[in-house]
Amino acid sequence: MKYLVTVIVLLLMVNLAFASFSVSLEPETIKVKAGQKANVNIKILSTYSDKFSISITGWKPWFTLSDSVVQVNANKEKSVILYLSPYLSVKQGLYSIKINIKAQATGEQKKLDYNIEVKKNFLAEATNIKISGTPKPKENITINYDIVNRGSEPLNDLKIKFILKRATETLAENEHEIKFLNLSGSRSFEESYGFGPMADAGVYTVQIETVYIGQKLSIYSKNFEVQSVSIIETDKKYETVSLGKRMIVMASNTGNEVAKNVEIKEPISWFDKIFYDGEGVVKAGSVVWTVSEIAPGATAELVYQVSYVPLFIFLILLVVALWFYFFKVRVIRIKKFVIEKKKIKTASIFTIGINVKNNCATDADDVVIRDFVPSIFKIGFKHGPRPKIKKTDTGTELVWHLKRFDKAEERLLVYYLKPVIGILGPVSLPNVTVSYKIGKREWKAHSNSPTFGKEE
């Protein structure tokens, strides 16, 4: 019995050693039109019964295999069908694949190369895609492309779909329609897109699809990259302040990258530079701020302030000084004084002096000096020019008239007073008035009112 089993095993081993299978393909090569169907018959013939696994290297989505594992009986042919149904969008050309068959019992393998040629009656695709402009935030790009009929038949009602996207996000899309496109004919299109502030850096994709009778004929994609850049833009706003101006410079980063060590300059006039009071540093004709960092979308506020308060104070002081100079210094100055320092008694005589000096920058004309003596005094004259005298109920008016009074000229007018009654206590004399002309303008000045009647 053991001998019989051994013999059977040896016979099986000899059969397996010489076992073999063959594979044939029908047709040997195949042509199929996009949008249509075709089959490839894979025939397996084996000298022994076994299971065979079938796989394809270069598999396409439009392939279908009737079986991936098939039982083949000895010396009986078995067929496996490879179904081909290329879409209209499948590219026209030659597709090379490898058909792999493996016997599970013996491990024997066979690999066959096979060519599938796809032809397209209807084929329109995008060509000559050009992207111009600056791909960065707040800039625009223009996409130009042509749609060409590369098929063997004219196309009617061809639809074009333009898509701009980043990763899975669609940023822009547009559709066009071509009513008729002849063989080898082409049509040009242009799209534009503006990147917003802080537009993301990285790879963007332009995708152009052609659709005919509801099916995609072609899909063309082209990538481009948006730059990583910081973009600093400045704006100004003004705030009302008294005696000056206050401006806030707003520096915003509209780019997609952090801006570091940003230098902002704002022009300043030489006049405002004198009164500048702010956070920046004045260099040459500009106020300069340095900001260490501005994030995308962030804004730094920088203050530009000019205060004219010192100038205002200076102008007030200047006006006061000029007024004092021209109305108190550069004038005809007049002073009235009493020479004697004693008590008033009947028959006492007092000498009254009037000092007149021309401190103006030029000569004065029509100088008139007016004084008044109360009626309690008698008037006498010994020296100097005599005035015109006019008696009134309350006293005597004295008027000296000088036709011309030269610059820096000084005169002393003297008269004497004698009380006609006894007077107790001090007496204040009226002040003296001088009027004069410089050019066509009239001026007037007043003296002090001297007091006398007591010894000091």
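Given the residues GLU225, GLU266, which is the only one that is in a strand (DSSP E or B), touching a residue at least 24 places away in the same chain (Cβ under 8 Å), open to solvent by less than 70 Å² (accessible area, probe 1.4 Å) and not aromatic (Phe, Trp, Tyr)? Let's see the steps before the verdict.
Numbers: GLU225 fails: open to solvent by less than 70 Å² (accessible area, probe 1.4 Å).
Checking each option against the conditions leaves just GLU266.
Take the residues of the stretch 173-210 that are free of Cβ contacts under 8 Å to residues at least 24 places away in the same chain and closer than 15 Å to ASN144 by Cα: which is nearest to the chain's Cα centre (by Cα)?
Top of the filtered list is GLU173.
Here are the criteria: (1) open to solvent by 80 Å² or more (accessible area, probe 1.4 Å); (2) in contact with a strand residue (DSSP E or B) (Cβ under 7 Å, 6 or more places away or on another chain). Tell me which single one ILE274 does not satisfy.
Result: ILE274 fails condition (2) only.
Could you check the stretch 213-253 and list, in sequence order, the residues that are among the hydroxyl-bearing types (Ser, Thr, Tyr) and at pLDDT 90 or above?
Result: TYR220, SER221, SER228, SER230, SER252.
In this structure, is ALA321 assigned to a loop (DSSP other than H, G, I, E, B) and modelled with pLDDT under 90? Give the steps one after another, and end with the answer.
Details: assigned to a loop (DSSP other than H, G, I, E, B): no; modelled with pLDDT under 90: yes.
Considered against the rule, which asks whether it is assigned to a loop (DSSP other than H, G, I, E, B) and modelled with pLDDT under 90, ALA321 comes out as no.
Of the numbered conditions (1) of a type in the set (Phe, Trp, Tyr); (2) closer than 30 Å to VAL32 by Cβ; (3) surrounded by 13 or more Cβ atoms within 10 Å (Cβ to Cβ), PHE195 satisfies every one except a single condition; which is it?
So the condition that PHE195 fails would be (2).
Check MET198 against each of (1) under 30 Å from SER85 (Cβ atoms); (2) in a loop (DSSP other than H, G, I, E, B) and name the one condition it does not meet.
MET198 satisfies all of (1) under 30 Å from SER85 (Cβ atoms); (2) in a loop (DSSP other than H, G, I, E, B) except (1).
So which of LYS440, LYS403, LYS388 is under 18 Å from ILE334 (Cβ atoms), open to solvent by 50 Å² or more (accessible area, probe 1.4 Å) and without any contact (Cβ under 8 Å) to a residue 24 or more places away in the chain?
On inspection, the qualifying residue turns out to be LYS388.
So, in the stretch 128-157, of the ones that are at negative phi and acidic (Asp, Glu), which residue ends up surrounded by the most Cβ atoms within 10 Å (Cβ to Cβ)?
It comes out as GLU139.
Considering only the stretch 425-437, state which residues are in contact (Cβ under 8 Å) with a residue 40 or more places away in the chain and open to solvent by 10 Å² or more (accessible area, probe 1.4 Å).
Hits for the stretch 425-437 are VAL427, PRO430, ASN431, THR433, SER435, LYS437.
Does ILE231 meet the test of being of a type in the set (Val, Ile, Thr) and in contact with a Lys or Arg (Cβ under 8 Å, 6 or more places away or on another chain)?
It is true that ILE231 is of a type in the set (Val, Ile, Thr) and in contact with a Lys or Arg (Cβ under 8 Å, 6 or more places away or on another chain).
When the stretch 352-373 is examined, which residues are found to be under 22 Å from SER449 (Cα atoms) and either among the aliphatic types (A, V, I, L, M) or open to solvent by less than 30 Å² (accessible area, probe 1.4 Å) (or both)?
ILE352, GLY353, ILE354, VAL356, ASN358, VAL367, VAL368, ILE369, ASP371, VAL373 - these are the residues of the stretch 352-373 that are under 22 Å from SER449 (Cα atoms) and either among the aliphatic types (A, V, I, L, M) or open to solvent by less than 30 Å² (accessible area, probe 1.4 Å) (or both).
Here are GLU257, GLU266: which of them is modelled with pLDDT of 90 or more, more than 30 Å from ASN121 (Cα to Cα) and among the charged types (D, E, K, R)?
On the way: GLU266 fails: modelled with pLDDT of 90 or more.
Step by step, each of GLU257, GLU266 is checked, and only GLU257 is modelled with pLDDT of 90 or more, more than 30 Å from ASN121 (Cα to Cα) and among the charged types (D, E, K, R).
Are any residues in the stretch 117-169 in a loop (DSSP other than H, G, I, E, B) and over 30 Å from the mean Cα position of the chain (by Cα), and if so, which ones?
If the condition is that a residue be in a loop (DSSP other than H, G, I, E, B) and over 30 Å from the mean Cα position of the chain (by Cα), then LYS120, ASN121, PHE122, LEU123, ARG150, GLY151, SER152, GLU153, PRO154, THR168 are the ones that fit.
Quick one: in the stretch 231-251, which of the residues that are out of contact with any Ser or Thr (no Cβ under 9 Å at 6 or more places or on another chain) and of a type in the set (S, T, N, Q) is least open to solvent (accessible area, probe 1.4 Å)?
In this case the residue turns out to be SER242.
Scan the stretch 76-95 and give yes if some residue there is surrounded by fewer than 16 Cβ atoms within 10 Å (Cβ to Cβ), aromatic (Phe, Trp, Tyr), part of a strand (DSSP E or B) and in contact (Cβ under 8 Å) with a residue 24 or more places away in the chain, otherwise no.
yes
Output yes when any residue across the stretch 180-190 is assigned to a loop (DSSP other than H, G, I, E, B), open to solvent by less than 70 Å² (accessible area, probe 1.4 Å), of a type outside the set (A, V, I, L, M, F, W, C) and under 22 Å from ILE129 (Cα atoms), and no when none is.
Looking through the stretch 180-190, at least one residue is assigned to a loop (DSSP other than H, G, I, E, B), open to solvent by less than 70 Å² (accessible area, probe 1.4 Å), of a type outside the set (A, V, I, L, M, F, W, C) and under 22 Å from ILE129 (Cα atoms).
Please specify each residue of the stretch 374-385 satisfying the condition of being open to solvent by less than 60 Å² (accessible area, probe 1.4 Å) and either in contact with a helix residue (DSSP H, G or I) (Cβ under 6 Å, 6 or more places away or on another chain) or under 16 Å from PRO430 (Cβ atoms) (or both).
The answer is PRO374, ILE376, PHE377, ILE379.
Cβ-Cβ below 6 Å, separation at least six or inter-chain, first residue in the stretch 298-311 and closer than 17 Å to LYS283 by Cβ, second part of a helix (DSSP H, G or I): which pairs?
VAL306/ASP272
Looking at VAL32, VAL40, can you tell me which residue is over 60 Å from the mean Cα position of the chain (by Cα) and either loosely packed, with under 13 Cβ neighbours inside 10 Å or at pLDDT 55 or above (or both)?
One residue alone meets the criteria, VAL40.
The values are calculated or read from the model by the stated rules, or taken from the named source; none is laboratory data. In this text the structure is predicted, and so the values were computed from the model without any measurement. Every residue, glycine among them, receives a Cβ derived from its backbone with ideal geometry; neighbour counts consider all protein chains shown. For accessibility, only protein heavy atoms count, side chains too; no ligands or nucleic acids. Shrake-Rupley method; radii C 1.70, N 1.55, O 1.52, S 1.80 Å.
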